[in-house]
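What follows is a short report on a single structure.
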Amino acid sequence: MNNLLETPIEYLKGVGPARGELLRKELGIHKYGNLINLFPNRYIDRTRYYRINELMNSSSEVQVVGKVINIKTVGDKRTRMVATFTDGTGEMELVWFQGQKWIRENLKLNTPYVIFGKCTSFNGVFNMAHPEMELLAEHEQSLRSAMQPIYPSTEKLTQRGITNKVVNKIMQQLFLETQALFTETLPGYLIKDLNLIPKNAALFNVHFPKSQELLARAQFRLKFEELFFIQLQLITKNLIRKHKIKGHPFDKVGDYFTNFYQNHLPFELTGAQKRVLKEIRNDMGQPAQMNRLLQGDVGSGKTIVALMSMLLALDNGFQACLMAPTEILANQHFIGLSELAKPLNINIKILTGSTKTSERKIIHEALESGELHIIIGTHALLEDKVQFKNLGLAIIDEQHRFGVEQRSKLWRKNDIPPHVLVMTATPIPRTLAMSLYGDLDISVIDELPPGRKPIQTVHCYDSNRLKVWKFLKDEIAKGRQIYIVYPLIQESEKMDYKDLMDGYESISRDFPLPEYSVSIVHGKMKPSEKDSEMTRFAAGKTNLMVATTVIEVGVNVPNASVMVIESAERFGLSQLHQLRGRVGRGADQSYCIMMTSHKLSSDSKTRLETMVRTNDGFEIAEVDLKLRGPGDIMGTQQSGVLNLQIADLVRDRDILMLAREHAVQLLKDDAPMEKPEHAALRHAFIEMSKKKNIWNYIS
Ligand code: ADP
Ligand code: MG
């Protein structure tokens, strides 16, 4: 059977070289096995017959039984044929623009037909253009599936005559030739426990559904199987890593940690912070490398978790590093961590692109001798010159900006790799995280520090700008500070830059010196200029900060209480949420004001409404996932993620959870898949792993 599935597609009866070439090019179908996995996008229910007086004023596909009572040609130059069709309950029009001769010669008047097609209404009359027609007598005799599958197609395929009908025929031929003898891959007990239908029945019914119910069961079974295999692969990978990649076991909790915990904690940890720390401690206590993703919404308090994890490394005689995606952020981490660690007598330094050569040399030496405990920095940490005496823990902030590649570069710095903690403020829906980061363990800080007031979010049209400005002045009078952010999209950089500068000028006019002072930060400034502006704002020396999205990540100015987002319709949901997270960090009520023009797409509206409705990053991420699909969610870097054939990460999350649960269970019982009942599974698993390593999905 399996060999048969390897047969090149052109050998299938009805395909041949020309069509084979098209199928290969347009749909990536090379072999029989690929065709089997060409799943329909949707199905049309042909079990239902409508009466004309039931037709609704919406353009949907319907099936009606009736007779043509007259037919005429209409129009002068571009003629069309119009037939009157009736079923006794009413009349409708059938219209043809092409193939008129054939219709005139073959259409039978006053004879029952079954017609099928898209029905629209015009001037109160229903009409159907180019209906599919079949004599009722023939219709009753022909064998067909009740649910008619509609396959994915392309313009070229349709143009070259490979219509849906043709694909359907080819599929029938495939089933004839292969006799529907597809090897069962799932173990019998799973099929029984989950009441799944066998593989053969599933494949057959997904292409030729005998009923709604069988179709649903077929889809369920195939989606489960697809997700189950992905989960098996991800979990196996994780198990292998834990087995193979050694790590330094941090078995001591020593003075640094204990002293800090008992005497210098600036606030009580939230329950979530405690739980996450426990998970990290537990991981780092093992003689295997930790690879953990720490997810926590902006402001959830990841920094202190990072520090305390680093203290554990120090307690065990190791160094630690923290890498951030931008210089500003690295700086802020440096300042924040130094402040927290001040009473501990730890040697912390920062290394970025703008570190002076002389200073750089000193840092390199101190890292190699082990005199330097903690180094914070940007990509500069990845340079070959940076060598550690014994790096025990590497923390990466805002991981989606660093690729997997860079992550592994950090590991390679020592024989035994450091533990790795990846922190991200981009909430990733659990379903997606499980598939994307199956190789990482996941910790979530799902609780904000106490006393935070939820940020109030409003959407304002540009025409209300005066009111908004008045509000800003009131806030400034209360001593608060304000961000005003402009979009900066790579493709239209010049225009955006102009918008920003125009905005800055008009804001400077509306908020004039000496009463007000306005800062500006954008991508064209030198890092040192940016830093000094940020520092001025953070120190409260300016009232307003006009900026592009450079402030998107991590910047912490607790006194800033208003975030104004200009042209908010141009931002993605996760970006809007990140920006909003810049405020609401102090005890005051904070606000996020999204300014837009009146012209909004429906997606933009959904984004704005979601922002107004909720502050919950995970809820927002779910909406984002629905709007954009998983391919886009992580930004361009990881686009093309997860090419699933039948399952859908959003709609099928329950099946994903089920698949995961059973994959975990199976590997717990029989990780090598050696038991006799897992033989077929193991075989399929090895085949799949050969073909598509899960990383192909991801990068
Ligand atoms: P993020 O997760 O965005 O990096 P931070 O670590 O910067 O968040 O924390 C945000 C703010 O909340 C900081 O000012 C920090 O001092 C404060 N914070 C963190 N944890 C707590 C806590 N348990 N109780 C009170 N304040 C906290
Ligand atoms: Mg942070």
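What is the distance in Å between the Cα centroid of segment 237-262 and that of segment 96-134?
Cα centroid of segment 237-262 versus Cα centroid of segment 96-134: 73 Å apart.
Quick one: dipole size for the chain, taken about the Cα centre, charges +1 on Lys/Arg Cβ and -1 on Asp/Glu Cβ, in debye to the nearest 20.
860 debye
For the chain, what does the relative contact order come out to in percent, with C-alpha contacts under 8 Å and a separation of six or more?
12 percent
Which distance in Å, rounded to a whole number, links the C-alpha centroids of segment 555-591 and segment 153-229?
If you average the Cα positions of each part, the centres end up 48 Å apart.
In whole percent, and with a 1.4 Å probe on the protein chains, what portion of the accessible area of the chain is carbon and sulfur?
51 percent
Take every Cα pair under 8 Å in segment 47-143 that's 6+ residues apart, average their separations, divide by the length, and report that relative contact order as a whole percent. Kindly include the intermediate steps, with their values, before the conclusion.
Values: 192 pairs, mean separation 28.0, N = 97.
Relative contact order, segment 47-143: 29 percent.
For segment 456-614, what percent of Cα pairs sit more than 25 Å apart?
23 percent
In degrees, nearest 10, range 0 to 90: what is the angle between the Cα axis of helix 679-691 and the longest Cα principal axis of the chain?
So the inclination is approximately 70 degrees.
For the chain, give the share of DSSP beta bridges that are antiparallel, in percent and rounded to the nearest 5; count only bridges with both residues there.
Of all bridge pairs located within the chain, approximately 40 percent are antiparallel.
Write down the Kirkwood hydrodynamic radius of segment 270-338, to one decimal in angstroms, obtained as one divided by the mean of 1/r over all alpha carbon pairs.
Here the Kirkwood hydrodynamic radius works out to 13.1 Å.
Can you compute the radius of gyration and Dmax for segment 255-445, using only the Cα atoms, both in Å?
Computed over the Cα atoms of segment 255-445, radius of gyration and Dmax are 15.6, 48 Å.
Under the rule a/c < 1.5 gives rounded, and otherwise a/b versus b/c splits prolate from oblate, where does segment 47-143 land using the Cα gyration tensor? List each step's numbers first, then the result.
Details: a/c = 1.74, a/b = 1.15, b/c = 1.51.
The shape class here is oblate.
Work out, in µm²/s and without decimals, the Stokes-Einstein translational diffusion coefficient of the chain at 10 °C, 1.306 mPa s, Rh from Kirkwood over C-alpha pairs.
D, rounded to a whole number, is 53 µm²/s.
For the Cα atoms of the chain, what angle does the longest principal axis make with the long axis of helix 271-284, in degrees from 0 to 90, nearest 10?
Helix 271-284 and the main axis of the chain meet at about 90 degrees.
What are the trypsin sites (Lys or Arg not before Pro) within segment 109-168 that DSSP puts in a loop, where the Cβ has at most 12 other Cβ atoms within 10 Å?
Arg144
Calculate how steeply helix 212-244 sits against the longest principal axis of the alpha-carbon atoms of the chain, using the helix alpha-carbon long axis, and give the answer as 0 to 90 degrees to the nearest 10.
Taking Cα atoms only, the helix is inclined about 30 degrees.
Using a 1.4 angstrom probe, figure out how much accessible area the chain has per residue, in square angstrom, rounded to the nearest whole.
Solvent-accessible surface per residue comes out at 48 Å².
Under the definition of Cα pairs under 8 Å and six or more residues apart, what whole-number percent is the relative contact order of segment 255-445?
On the way: 295 pairs, mean separation 63.7, N = 191.
So the answer I get is 33 percent.
The values are calculated or read from the model by the stated rules, or taken from the named source; none is laboratory data. Owing to the predicted nature of the structure, the values given are computational and were not obtained by experimental measurement. FYI the Cβ positions are ideal-geometry reconstructions off the backbone, even for glycines, and counts take in every protein chain you see. Only protein heavy atoms, including side chains, enter the accessible area calculation; ligands, DNA and RNA are left aside. Shrake-Rupley method; radii C 1.70, N 1.55, O 1.52, S 1.80 Å.
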